[in-house]
Amino acid sequence: MEGFCVKNLKKIIICTILIISMTNHSLLTYAEESIQAPKETELFAKSAVLLDGNSGRILYSKNEDIPMPMASTTKIMTLILVLENAKLDDIITVSAKAASQPKVHLGMHAEQQFKLEDLCYSLMLESHNDSAVALAEHVGGSVEKFADMMNQKARDIGCTNTYFITPNGLDAKVSAGGKEKVHSTTAAELAQIMRYCIMVSPCKEKFLEITRTASYSFSDISGKSSYSCNNHNAFLQMMEGALSGKTGFTGNAGYCYVGALQRDGKTFIVALLACGWPNNKTYKWKDTRKLMEYGIANYEYREVFEQKTDFAVIQIPESCMVEQGEEKLWQEGEITPYMKEDSLSLLLNPEEQVKVIYNIRQDLEAPIKENDIIGTAEYYLNNKKIKVYNIYSQNEIAAIDFELCVEQVIKKILL
């Protein structure tokens, strides 16, 4: 009986070891697998984009170029324009129009005065509509003129499918040029606007400081009224490296969101439009997490620069080609091409490959100076040109002129 128990015990131990080994192998294999790109049907948002914040390249998209209302995500453009065109200690006097804005609002009244910086926190943390109009009127002179500034800034960033009417993102439409225009943007362009705000603008640090603040308290200039603001961007506590973001909702837009995350030197931006309607307020957080996790798991920086050293030596005429019998008086000159750059790091997934096409000018003639541009190196990713580097001459070739030819002929005769 004892022998039987020992044998069974050995079998149990061996089976247990095998099970643990197989389980560990399974877990290891799973950890090494990349997360698959979400299917369109797996996202709640009608339009979505995952953007590489450093390069501006779209890494994932769903209906990214369809214009849609964007609600209070509008306020990222409002804030960056205010920061770039006004001083934080400016004093703002509230107009009747600003005071009459619907909820969500600070509750200001006409002729009340505030410090501009305080209203920036009100704008972004609580998404107050009256603060947006007060800031817009202070910077632009009127809501309409500020909207012109917003549209011009959008064009400067490269957004051609975005149209701003209000500084707060409330649903709006106007007739312009015989056409009806709606306050709207696309997921691709909303992501690009956020990229400008956090990566490009000279006021990016203040933008990040404001949008990352958890809570903020202030008073009006008279000191008679006090206010407290709390940040409603739940994403800031949802993922490690969460950087910034702005929520939005209107009846036409549904729930919208644009947010950014920075981790391990990588910056990802997610933009979502029409991501559910009440009572589906949490859909935007689920979509944001899903897209951010996809980016983190699948994209790494890879060095793709080609330091080409096997350029064919280019020979071009550098003399009059006077011949004595079959002998040329002066041989053709040689150019050695080279490139000044030595690095190009791109955020890529394992399947993506970069193609390089070299173009050397075929019409080169002397004189050629050192560091003259003689061609280009074009880098392509997914059949799209993403970078162009110049190719230079490493040496000089003398000019073809009469004096040079005579000099060579005389040297040949004397020799």
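Just so it is clear, none of the values below were taken in a lab; they were calculated from the coordinates. Only a predicted model underlies this, so the values are computations on that prediction, with no experimental measurement involved. Don't worry about glycine lacking a Cβ; one is built from the backbone with ideal geometry, like all the others, and counts go over all protein chains shown.
Measuring against 29 Å, Cα to Cα, the residue pairs Lys62/Lys179; Lys62/Lys181; Lys181/Lys206 contain Lys181/Lys206 as the ones spanning a longer distance. Near Lys153, which aspartates and glutamates are there with a Cα under 18 Å away, not counting those fewer than 8 places off in the same chain? In chain and number order, the partners are Glu84, Glu137, Glu144, Glu189. First check a/c for region 87-132, with a ≥ b ≥ c the square roots of the eigenvalues of its C-alpha gyration tensor; if it is under 1.5, answer rounded, and if not, answer prolate when a/b is larger than b/c or oblate otherwise. It is oblate, given that a/c is not under 1.5 and a/b is not larger than b/c.
For region 145-229, which trypsin sites (Lys or Arg not before Pro) pass both filters: DSSP loop (anything but H, G, I, E, B) and at most 13 other C-beta atoms within 10 Å? Walk me through the numbers before you get to the answer.
On the way: sites: Lys145, Lys153, Arg155, Lys173, Lys179, Lys181, Arg195, Lys204, Lys206, Arg212, Lys224; in loops: Lys224.
Within region 145-229, the qualifying trypsin sites (Lys or Arg not before Pro) (loop, at most 13 other Cβ atoms within 10 Å) are Lys224.
Seen from Ile269, the other residues with C-beta closer than 10 Å to its C-beta sum to a net charge of 0, counting Lys and Arg as +1 and Asp and Glu as -1. Cross-link partners among lysines for Lys355, C-alpha distance below 17 Å, same-chain residues fewer than 8 apart left out? Output for Lys355: Lys308, Lys384, Lys385, Lys387. Indicate the gyration tensor shape class of region 135-284 (rounded, prolate or oblate), computed on the Cα atoms with a ≥ b ≥ c the square roots of the eigenvalues: a/c under 1.5 is rounded; otherwise a/b larger than b/c is prolate and the rest oblate. Cα axes put region 135-284 in the rounded bin.
Could you work out the local net charge near Glu293, counting Lys and Arg as +1, Asp and Glu as -1, over the other residues with Cβ closer than 12 Å to its Cβ? Please list the in-between numbers first.
Details: positive: Arg263, Lys286, Arg289, Lys290; negative: Glu240, Asp287.
Summing Lys and Arg as +1 and Asp and Glu as -1 gives +2.
Could you tell me which of rounded, prolate or oblate describes region 29-103, using a ≥ b ≥ c as the square roots of the eigenvalues of the alpha-carbon gyration tensor, with rounded for a/c under 1.5 and, failing that, prolate when a/b is larger than b/c and oblate otherwise? Write out the running numbers ahead of the final one.
Working: a/c = 3.34, a/b = 2.16, b/c = 1.54.
In terms of gyration-tensor shape, prolate.
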